[in-house]
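S.K.: Could you have a look at this structure, given as structure tokens, before my questions?
Computed from the coordinates by the stated procedures, all read-outs in this text should not be read as laboratory data. If you're wondering where the values come from, they're calculated on a predicted model, not measured in any experiment.
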Amino acid sequence: MAGLLASNGYKIVNTEDEADLVVLNSCTVKNPSEDHFRNAINSAKDKNKFVVVAGCVSQATPNVGYLKNLSILGVQQIDRVVEVVEETLKGNRVRLLGKKKVNRRKAGGASLNLPKIRRNPLIEIIPISTGCLNQCTYCKTKHARGDLGSYPIGEIVNRAVEAFKEGCKEIWLTSEDTGAYGKDIDCSLPQLLYALINVIPDGCYLRLGMTNPPYIKDYLEDIGKILSHHRVYSFLHIPVQSGSDQVLSDMRREYFRRDFEDIVDYLRQRVPGITIATDIICGFPTETAADFEETLQLVAKYRFPILFINQFYPRPGTVAAKMERIPAHQPALRYYVVKKTLPDARNVAWLTLILLLVTNCVIVVKVKCGLSCINFTSPREKEAALSCCYISRETNQLFPIL
Ligand code: SF4
């Protein structure tokens, strides 16, 4: 959105105070993110700014009280941000919430070739699809994103080629569920990944985003080969959410614990040095003490180097929000019980980050692993590690390691 606005003559500023109009994007996964979004709207209104809202919260619940009278840009309509901003600045309220279609089938969304302003100029983030094939009972994102809509392989590959020409060093593929990619357009994730590997130049990398277990398990042999490729990060984020089959069934996750374990075991055997990240939800309404114990056992068995722990939040309108809840303090309590089991991230054995101090720069040598639990001393240092760069101490600029 920022890229489109900038290329149409709008000046993108860094603070709300400098702006005439504020565009606020939103995430609907957890209650705290929505609270943050609501506070940001109130803050902009208090300062008499024009406001345009976008993202999953406003797509899923456009008629909620605090969004009344605001312009809304739907998740598949970001290519129309300029129109919406222009109309809003004239004092009009515009709401574009429709879905994009190609040959009467849901499309991935706006073109991937829109002008961009990258937060990190070395990383191109490409959404390969929107929506998913599941109906998880706790999930509000599904209300916003709907069913799966994949971008064609050719469009994604072209985007990657252009990004490398523009100087990007990494391509990060994102989606609600990368494993489901292509099932709506008669192609598959391995087909896409092999096509991308063919266009990755020397010294550049691909990173695959989150996949749920049900679909990726159909392609394990290919995924093992792809994650072993020297231009692909040996990293995969596979959210398990619970170690209990009963809870997984109540969440309608469409896999058993055994499926998840088979995937992790296979990839750990076949992909040297692979880092597998996972998520768990603590305190799902039907989670008994015995179910929670099964989750603890799973965490202890695999000692995931990256573990995202979430408390259960009842998102309005979801099936799980209507379920009878366990005592209110339990999700937080269980969250801390899991957290206490984690090793200190700085002591994790797989951590092979080497910081070399030389005369006027910090060199960050990156190895093929996930890096999000490393304690960097500055955001710039983390950016350097993720981008395989060194930082000039004089100018704080990043330079690629050749
Ligand atoms: S896979 Fe489940 S949690 Fe993920 S977006 Fe789809 S319904 Fe939501």
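S.K.: Hey, what do the phi angles of the stretch 93-106 turn into as Karplus ³J(HN,Hα) couplings, whole Hz, using 6.51/-1.76/1.60 and θ = phi - 60°, x for Gly and Pro?
M.R.: 10, 10, 10, 10, 10, x, 9, 8, 10, 10, 6, 6, 9, 4
S.K.: For the stretch 198-306, treating each Cα as an identical point scatterer without solvent, what Debye log10 I(q)/I(0) comes out at q = 0.10, 0.11, 0.19 1/Å?
M.R.: -0.31, -0.37, -0.94
S.K.: Still on this structure, I have one more. Karplus couplings for the stretch 263-276 from phi (6.51 cos²θ - 1.76 cosθ + 1.60, θ = phi - 60°), rounded to Hz, Gly and Pro as x?
M.R.: 5, 5, 4, 4, 5, 5, 6, 8, 10, x, x, 4, 10, 10
S.K.: On alpha-carbon atoms, Rg over Rh for the stretch 76-149 using Kirkwood Rh?
M.R.: Values: Rg = 15.0 Å, Rh = 14.6 Å.
Ratio value, two decimals: 1.03.
S.K.: Checking a compactness column here: for the chain, what do you get for Rg(Cα) / (2.2 N^0.38 Å), N being the number of residues?
M.R.: Computed over Cα atoms of the chain, the ratio equals 1.02.
S.K.: The stretch 1-44: D in µm²/s via Stokes-Einstein (Kirkwood Rh, Cα pairs, 25 °C, 0.890 mPa s)?
M.R.: The estimated diffusion coefficient comes to 207 µm²/s.
S.K.: Which of rounded, prolate, oblate describes the stretch 1-117, given a ≥ b ≥ c as roots of the alpha-carbon gyration tensor eigenvalues and a/c under 1.5 marking rounded, otherwise prolate only if a/b is larger than b/c?
M.R.: It is oblate, given that a/c is not under 1.5 and a/b is not larger than b/c.
S.K.: Another question about this same structure. Counting only helical runs of four or more DSSP H residues, what would the 222 nm mean residue ellipticity of the chain come to if each run contributes -39,500 (n - 2.57) and the total is spread over all its residues?
M.R.: -9000 deg cm²/dmol
S.K.: Could you give me the ³J(HN,Hα) list for the stretch 218-227, computed from phi with Karplus coefficients 6.51, -1.76, 1.60 and θ = phi - 60°, whole Hz, x at Gly and Pro?
M.R.: Those phi angles translate into 6, 10, 4, 4, 5, 5, x, 5, 5, 6 Hz.
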